[in-house]
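Reviewing the structure listed below.
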Amino acid sequence: MIWLIGCKGMLGTEVSKQFDKNNFDWVGTAREVDITDYQSLKSFVSKYDDANKKINWIVNCAAYTAVDKAEEDIELATKLNTLGPKNISTLCKELGAKMIHISTDYVFDGTATSPYTEDMNYKPLGVYGETKADGEKAVLETIPEASYILRTAWLYGHYGKNFVFTMINLMNTKDKISVVNDQFGTPTNAENLANVICTLITKSETSEIPTGIYHCTDLGQTSWFEFAKEIHLLGVKYGKITGNCVVNPCTTEEYPVKAKRPAYSVLSKDKLMKNLNITLPEWKQNLEEFIKNIQ
């Protein structure tokens, strides 16, 4: 059985749908089980300790993701992003279960000029990235033989706040907006990441997939400005945007925020595609499917 932690978030909801679609035997929890409290985790898992309901995978989609707020809310960010994963991995070790943990491009400082590979050094710029990096380390130190860390970036999906919905709303209500044009990365449809999680679990049951860190985003790269322009183009095409909003580029300096963002956070997916024998979709292709299907 699979235990999906954080089943009601943007990614967790997509994973839930894919688990059902693939007829996986799974159970999901949200805030009713506190990942920062080991006894809370133990208490929940005790319900599934017989031979027929043994939990042999835990997928952790829970996290503190408010990047700017984390700069002030250090204690909670640390509990959710570092202590939580440590507790879950400790429980996995006790159960003999495997773990999939979701992480982020923010573990890097963005000074690279070519896609980041999984073995590059941690250099987070702020509290969010630091706590996520520490969470990765805790998992890898506890169960190196049974953990898969999937780093993703620029995630959007149908269930929850994200850049795509924010842009569509602004484009329908504003005459003009400015979007940063000097930060580069790869937009990632949450449905694609959920599919990869299912593929990883399925293939691990029949073949030896090396544990460790993997990068998983859609393919290609763009800037936030170009991403916004594509959202506008497709939004108009599929009738999701009806206004005449003009999208202008701006610099990071012109759009100040509390937490510094990596200027370049494109992730190399070669390791993932090779070991799972899959091809990931291009970001524009996934974005079009997403916008076309917005209700």
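Could you pull out the trypsin sites (Lys or Arg not before Pro) across region 12-91 that fall in loop regions by DSSP (anything but H, G, I, E, B) with no more than 12 other Cβ atoms inside 10 Å? Kindly include the intermediate steps, with their values, before the conclusion.
Numbers: sites: 17, 21, 31, 42, 47, 53, 54, 69, 79, 86; in loops: 31, 54.
Sites meeting the loop and neighbour criteria: 31.
Which FRET efficiency value, to the nearest 0.05, do you get for residue 252 and residue 294 by plugging their Cβ-Cβ distance into 1/(1 + (r/R0)^6) with R0 = 35 Å?
Efficiency, from the Cβ-Cβ distance: 0.75.
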Helix 190-206 axis, angle to the chain major axis (alpha carbon atoms, nearest 10°): 30
Residues whose placed amide H lies under 5 Å from that of residue 100, excluding near-sequence neighbours: 58, 59, 60, 148
Global size of region 95-212 as Cα Rg and Dmax, reported in angstrom: 17.1, 56
Neighbour cut-off at most 16 other Cβ (10 Å), DSSP loop, trypsin sites (Lys or Arg not before Pro), region 143-208: 161, 174
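Give the value in nm², to one decimal: projected area of the alpha carbon convex hull of region 1-145, averaged over all directions. Write out the running numbers ahead of the final one.
Values: hull surface 37.5 nm².
Over every viewing direction, the Cα hull of region 1-145 projects on average to 9.4 nm².
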Whole-angstrom gap from region 140-179 to region 78-108, using each part's C-alpha centre: 20
Distance from region 196-221 to region 1-32 (C-alpha centre basis), Å: 17
Contact order normalised by residue count of region 17-137, Cα under 8 Å, 6+ apart, percent: 28
Label point distance in nm, residue 274-residue 166, each placed 7 Å from Cα along Cα→Cβ: 3.5
Cα-based Kirkwood hydrodynamic radius, region 62-121, one decimal, Å: 13.6
Helix 283-292 axis, angle to the chain major axis (alpha carbon atoms, nearest 10°): 80
Region 9-22 - phi-based ³J(HN,Hα) in whole Hz, Karplus 6.51/-1.76/1.60, Gly and Pro as x: x, 4, 6, x, 5, 5, 5, 4, 4, 5, 4, 5, 4, 8
Where GluC sites (Glu not before Pro) in DSSP loops with at most 14 other Cβ within 10 Å are excluded, longest remaining stretch of the chain: 209-295
Radius of gyration, Dmax [the chain; alpha carbons; angstrom]: 19.1, 61
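No lab work stands behind these numbers, since they all come straight from the coordinates. The structure presented is a predicted model; accordingly, all values stated were derived computationally and were not measured. In this analysis, Cβ positions are derived from the backbone assuming ideal geometry, glycine residues included, and neighbour counts consider all displayed protein chains.
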